[in-house]
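Here's the structure, in structure tokens; my notes come after.
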Amino acid sequence: MKAISVLGSTGSIGTQTLEIVEDFPEKFKVVALTAGRNLKLLAQQIQRHNPEVVALADESLLSDLEDILNAIPKNERPANLPKLIGGASGLNVAAAWDSADLVVTGIVGCAGLLPTLSAIRAGKDLALANKETLIAAGPVVLPELQKSGSRLLPADSEHSAIFQCLQGTPLANNAHLSTGVPTPGLRRIQLTASGGAFRDWSAEELKKATVKDAISHPNWSMGQKITVDSATLMNKGLEVIEAHYLFGLDYDHIEIVIHPQSIIHSMIELKDSSVLAQLGWPDMRLPILYCMSWPHRLDTPWRRLNLTEVGQLSFLAPDTHKYPCMELAYAAGQKGGTMPAVLNAANEEAVSQFLQEKIHFLDIPKIIESTCEKHKSDFQADPRLDDILFVDQWAREIVREKI
Ligand code: NDP
């Protein structure tokens, strides 16, 4: 029985993780949950999973949560209600909860950074969905992983595909899993991208893109922020940086290929020129489950892949003119240091402003580019945690001021 903590349990990753726990009650149990503001869903999750601790990001909502739980008839709620804690310190305590074996990080954005670090410092294994943490703070997170011995299992579908393809290829001497030390036999990574909501739109048509258009993903069902990131292809750019930190390859050996069917979830080329790919329907439960069961494979009743039903798999080079965010991400990744944190924060803030209809879709890359440009004079090559947190806030303020 593996004890699981779910950070961001009310989101798309969080709810799918809890579905898996329900599918395998003999294998997994929930010990900690964290959420932002969705009290109704969180209360249902507490009722169903009976965790030991629950943390709410918004501390002011704790008494409302207590009221909701107390209003549940006694015979329908767990005998012992969980310990309820709130705010940043509450999230950190829940993330490091003693009885947990694996922490699934499903918080969206850089808000996941400090809880993730708490989990790592407590020596927990991680199923990392919250890519923004690694992108913003790779230079801080990787040494912490080495120090604590926490194992980082990628839950992002592309990185899970790479991780799965790498099973059986020996790691470097003394290397930990996915902690930025290149696997000696690995030559190249190819990240596949569906092309997002606008893949069939012309650059001219993008001028008319609305929020409603941007949050309709053709293949994947995900939270709003990552769905907009998929529409700008910033998600793929962020994944390039994530792959660099996880698998240790330089940026010239991490490529993007558009694959509209989202059946191949990514590929690796080994030094002997063999190419390995991982295939499946676009369903996030699979990479999450693999983090939870690794290195074992559990028998699922899920829809099985039938390639004759798919018919054709096609591949295209990405259009960097239509989607400038990819090149911005490569440039920030290659610069390293604090620059990916600035790129990430500017993107988070620009996407949030777009979702509130304060800026146009096409403003997103322009805002990110000018914020990164402005950061060049204060750039730090070897940042500490405080530096990352500082530039994260700085970049958000710059974006807000601009708007
Ligand atoms: P959602 O928006 O669906 O869920 C986000 C979760 O984070 C919710 O539980 C939300 O709480 C919580 N949250 C929001 N703000 C804060 C905060 N300031 N402090 C603490 N918790 C907060 O996001 P997704 O599940 O789509 O994505 C989560 C992460 O996983 C992202 O980093 C994303 O890039 C990554 N990812 C997601 C995939 C997917 O299929 N969804 C695929 C691959 C990666 P509440 O709702 O209660 O306010």
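The values are calculated or read from the model by the stated rules, or taken from the named source; none is laboratory data. Here the structure is a predicted model, which is why all the values come from computation and not from measurement. Quick reminder, even Gly has a Cβ in these numbers, built from the backbone with ideal geometry, and neighbours come from all protein chains shown. Accessible surface areas use protein heavy atoms only, side chains included; no ligands, DNA or RNA. Shrake-Rupley method; radii C 1.70, N 1.55, O 1.52, S 1.80 Å.
For the stretch 101-156, filtering for residues that are open to solvent by less than 20 Å² (accessible area, probe 1.4 Å) and of a type in the set (D, E) leaves 2. As a summary of the residue check, E19 satisfies the conditions (1) farther than 22 Å from G86 by Cα; (2) open to solvent by 50 Å² or more (accessible area, probe 1.4 Å); (3) away from the ligand (no atom under 13 Å from the Cβ) except for the one numbered (3).
Here's the yes/no breakdown for (1) more than 13 Å from the ligand (Cβ to nearest atom); (2) touching an Asp or Glu at 6+ places or on another chain (Cβ under 9 Å); (3) in a loop (DSSP other than H, G, I, E, B):
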site	(1), (2), (3)
V6	no, no, no
T10	no, no, yes
R37	no, yes, yes
L42	no, no, no
Q45	no, no, no
R48	yes, yes, no
L61	no, no, no
E66	yes, no, no
N70	yes, no, no
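The stretch 339-403 holds helices (runs of 4 or more DSSP H) entirely within its bounds, and those carrying 2 or more residues that are closer than 19 Å to T227 by Cα and open to solvent by 10 Å² or more (accessible area, probe 1.4 Å) map to 339-355, 363-375. In the set (1) open to solvent by 10 Å² or more (accessible area, probe 1.4 Å); (2) more than 21 Å from A277 (Cβ to Cβ); (3) of a type in the set (G, A, S), G248 fails one condition alone, (2). L276 - would you say it is open to solvent by 20 Å² or more (accessible area, probe 1.4 Å), touching a Cys at 6+ places or on another chain (Cβ under 7 Å) and under 29 Å from G185 (Cα atoms)? Yes; evaluated as a whole, the condition is true for this residue. Scan the stretch 153-187 for residues that are part of a strand (DSSP E or B) and within 14 Å of the ligand (Cβ to nearest atom) and the total you get is 2. Among residues of the stretch 315-334 that are among the β-branched types (V, I, T), those with a beta-carbon under 6 Å from a residue that is part of a helix (DSSP H, G or I) at least six positions away or on a different chain give the pairs T320/M326; T320/E327. The set of residues in the stretch 100-137 being within 9 Å of the ligand (Cβ to nearest atom) and in a strand (DSSP E or B) consists of T105, L128.
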